[in-house]
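Down below is the structure, laid out as structure tokens.
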Amino acid sequence: MLTKDAEIGDITLIIDQRIKQDIQQTDSGVKINTDPSGGQITLAVPLTELIPKGRPEFILDHFVAIDLGEVGIGYAVYKVEGFELIEHGSIAIRSIRNLMSAVDRHRKLRQPQQKFQASYNPLLSQLRENAIGDSLGVVDGLMAQFNAFPIFESSVGNFERGANQLKMVYESVLKHYIFSSVDAHKSARKHHWCGGDKWSHPTLRTWEYTSEGVKTDKEKQLNLFPGASVHPAGTSQTCSKCNRNPIKMVYKVLDGDAKFVFKANAKGQYELPSGDSIYLYAQPKLTPKELKDTRRKKLTRLPTVRLVEDFKGEEMLKAIRRCLRFKQESSRSKDTSQSSYRCLFSDCGHAMHADENAAINIGAKWVKEKVVP
């Protein structure tokens with residue numbers, strides 16, 4: 001007998017009869033007494049699910065770009081069809097903050113001038129494992145919520161806090177989602193995905209690369225593990241609104257003249273040879289009364305005063321890096337001291353959470369560099 005989705009096998013009637021029995025010792029010998037005390041009748045109907053032949057259809061219709069930050073992650077969700085950005089945000093992970101606090105306490109109270117040897121400390125090892133597990137849970141949750149596959153930066157680093165502890169955490173997270181030729185990483189990824197190792201997307205295609213990493217003109221079906229990665233260069237420095245990177249522009253200038261002097265015009269703008277202009281900022285100098293008011297209101301001094309001094313060569317790059325990212329306005333914020341991003345271009349000025357801005361850029365860069373138009 002066949003149905004639309006299942007096949008019914010031979011039906012079996014199972015009868016269970018319960019019997020109470022006891023043994024008595026008599027003069028004539030051993031006597032066994034039995035007493036039926038009820039029973040149960042069960043009808044067993046075996047069903048065989050009918051699965052269509054061939055490989056199952058890949059149904060992930062979104063991808064989520066993820067920036068791994070110092071207290072959590074920033075994410076940006078894109079549609080696969082049309083690559084439209086539909087949502088972005090940031091998620092704080094408490095166990096990561098706990099790990100960073102433990103490292104800070106060690107440096108401040110015990111050995112301020114010595115690197116933390118976390119590999120031999122059971123407490124730090126446990127905190128790292130907690131951070132890894134919570135980070136995996138957040139990423140898996142985003143994948144399930146948006147029916148998406150993840151996109152990461154291919155390497156992590158340059159964190160302001162935590163020595164190498166946060167780098168160790170995120171390197172362990174990455175091996176669960178992106179390709180690695182290391183057998184231990186393959187084993188961890190298979191274990192996390194219940195034996196799964198590689199997936200292919202039915203609609204997206206990517207470029208083929210040679211064994212030396214050189215991009216070719218040939219294309220192939222996109223393979224996922226179940227995520228993908230993109231090189232991290234510039235994702236934290238580029239404005240997600242105007243798509244310009246001031247550091248990249250300054251490098252082009254310095255390639256031609258390493259001692260080029262950048263001067264502000266009458267409007268306080270630093271003009272670049274590309275025709276764009278940027279503002280540079282510094283913290284304002286407050287009076288004692290203003291300092292008292294800011295402390296009472298739990299506020300911090302943000303870089304808001306425009307600079308007009310001249311900058312020579314590498315000094316300009318350092319000034320731009322100081323101005324691109326800064327801390328939150330509230331001194332009660334538990335975010336990092338570089339969690340806010342502001343575009344320096346005079347005709348933009350876009351501002352948002354730095355991890356969200358980087359996540360948007362990661363998704364856009366992956367589409368531009370890895371996906372065949």
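Calculated over the stretch 6-49, the projected area of the Cα convex hull averaged across directions stands at 4.4 nm².
Our helix-only sum for the chain, with -39,500 (n - 2.57) per DSSP H run of n ≥ 4 divided by its residues, gives a mean residue ellipticity at 222 nm of -9500 deg cm²/dmol. For the options 248, 20, 198, a Gaussian network treatment of the chain with springs between C-alpha atoms closer than 10 Å singles out 20 as fluctuating the most. Using a cutoff of 8 angstrom between alpha carbon atoms and counting only pairs six or more residues apart, the relative contact order for the chain works out to 15 percent.
Per-residue 3J(HN,Hα) values for the stretch 8-16, derived from phi via the Karplus relation 6.51 cos²θ - 1.76 cosθ + 1.60 with θ = phi - 60°, read 8, x, 5, 7, 10, 9, 10, 10, 9 Hz in sequence order (x marks Gly and Pro).
Note on residue 267 and residue 304: their simple-model spin labels are 2.2 nm apart, each label 7 Å out from Cα toward Cβ.
The dipole here belongs to the stretch 216-349: it is taken about the Cα centre, uses +1 on the Cβ of Lys and Arg and -1 on the Cβ of Asp and Glu, and is about 940 debye. Considering only beta bridges that DSSP places wholly inside the chain, some 90 percent are antiparallel. Membrane-span-like helices of the chain, defined as complete DSSP H segments with a Cα extent of 30 Å or more along the helix axis and a mean Kyte hydropathy of at least -0.5, are identified as 122-146.
Going from the fewest other Cβ atoms within 10 Å to the most, the residues 209, 281 appear in the order 209, 281. Cβ-Cβ distance of residue 351 and residue 203, R₀ of 41 Å, FRET efficiency by 1/(1 + (r/R0)^6): the value works out to about 0.70.
Its relative contact order, with pairs defined as Cα atoms under 8 Å and 6+ residues apart, puts the stretch 6-49 at 55 percent.
Only Lys, Arg, Asp and Glu carry charge here, each on its Cβ (+1 for the first two, -1 for the last two); on that basis the stretch 6-49 has a dipole of about 280 debye about its Cα centre. Highest GNM mean-square fluctuation among 167, 289, 190, for the chain modelled with Cα contacts below 10 Å: 289. Considering only 184, 364, 251, and ranking their Cα positions along the charge dipole of the chain that arises from unit charges at the beta-carbon of Lys, Arg, Asp and Glu, the one farthest toward the positive end is 251. The chain has equivalent-ellipsoid semi-axes of 59, 30, 19 Å, by the square roots of 5 times the alpha carbon gyration tensor eigenvalues, sorted largest first.
A dipole drawn for the chain from +1 and -1 charges on Cβ atoms has a positive end, and of 265, 33, 88 the residue lying farthest that way is 265. Here 235, 12 are placed in order of increasing Cβ neighbour count within 10 Å, fewest first, which gives 12, 235.
About its Cα centre, the dipole of the chain is roughly 2340 debye, where the only charges are +1 on Lys and Arg Cβ and -1 on Asp and Glu Cβ. Mean sequence separation of contacting Cα pairs (under 8 Å, at least six apart), scaled by the length of the stretch 246-349, corresponds to a relative contact order of 29 percent. Among 16, 355, 61, the largest mean-square fluctuation in a Gaussian network model of the chain (Cα springs under 10 Å) belongs to 16.
Read the figures in this text as sums done on the coordinates, not as results from a lab. Owing to the predicted nature of the structure, the values given are computational and were not obtained by experimental measurement. Cβ atoms come from the backbone with ideal geometry, glycine included; neighbour counts cover every protein chain shown.
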